[in-house]
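Participant: Dropping a structure here in structure tokens format, bear with me for questions.
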Amino acid sequence: MTFDLRWKAATGIAIDIGGFHFSGLSYWRGKIERSARPDRISAVIGRVVAECGVLKGKRSRALDSTIMDDSVARQDTYTLLARQVRAVGKAIPQLTALIGSLPGAEYYKPGAGRPDIDWCDAASRDALVSLLVGDAKTVKPELWLW
């Protein structure tokens, strides 16, 4: 609302009223994340969308990124790294043994599920991403040989 007057017009707020501080979003997002039902907003949005039939027959979802937290971003990082190492192994079978010997080898197997870590713990997420980045760095020089 501070930079785009259309929001003030849409909400009926006077032009001379200041917007709220951006840290308010972070505060409330964190409070929801730590609550007993952190997915309640997504659940309500899902029910409303289903009742309205807005995405009926669609195969993708529309989400407001403000309700996502850092663990989701880290999980996406994990997913991207694991998929790429898995794709390299599939594209270059000669690297299968190397990939199978990596510290994170269990994450590169076909059908590997979500790692069993505490996604709310920053140290656990960082350790997993560091492990996968280390594996990717080990695989990368080998790609030049093929």
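The values are calculated or read from the model by the stated rules, or taken from the named source; none is laboratory data. Note that this is a predicted model, so its numbers are computed, not measured. Cβ sites come from the backbone with ideal geometry, for glycine too, and all protein chains shown count toward neighbours.
Participant: List pairs: first residue in the stretch 26-49 and not assigned by TED's automatic domain parsing to the domain that holds Trp119, second residue polar (S, T, N, Q) and part of a helix (DSSP H, G or I) anywhere in the structure, Cβ distance under 7 angstrom, at least six positions apart or on different chains.
Facilitator: Note: pairs meeting the criteria are Arg29/Thr66.
Participant: Sticking with this one: Given (1) farther than 13 Å from Leu131 by Cα; (2) without any contact (Cβ under 8 Å) to a residue 40 or more places away in the chain; (3) not in a loop (DSSP other than H, G, I, E, B), identify the lone condition not met by Gln94.
Facilitator: (2)
Participant: Which residue out of Ala87, Ala73 is closer than 19 Å to Val133 by Cα, at pLDDT below 75 and not in a loop (DSSP other than H, G, I, E, B)?
Facilitator: Just one listed residue meets the conditions, Ala73.
Participant: State all residues of the stretch 97-108 that are under 21 Å from the mean Cα position of the chain (by Cα) and part of a loop (DSSP other than H, G, I, E, B); if no residue qualifies, say none.
Facilitator: Hit for the stretch 97-108 is Gly104, nothing else.
Participant: For the stretch 85-95: of the residues being touching a helix residue (DSSP H, G or I) at 6+ places or on another chain (Cβ under 7 Å) and more than 11 Å from Ala112 (Cβ to Cβ), which is surrounded by the most Cβ atoms within 10 Å (Cβ to Cβ)?
Facilitator: Within the stretch 85-95, the match that is surrounded by the most Cβ atoms within 10 Å (Cβ to Cβ) is Gly89.
Participant: Tell me which residues, restricted to the stretch 97-117, are surrounded by 12 or more Cβ atoms within 10 Å (Cβ to Cβ), more than 14 Å from Leu131 (Cα to Cα) and touching a residue at least 24 places away in the same chain (Cβ under 8 Å).
Facilitator: Answer for the stretch 97-117, where residues must be surrounded by 12 or more Cβ atoms within 10 Å (Cβ to Cβ), more than 14 Å from Leu131 (Cα to Cα) and touching a residue at least 24 places away in the same chain (Cβ under 8 Å): Leu98, Ala112.
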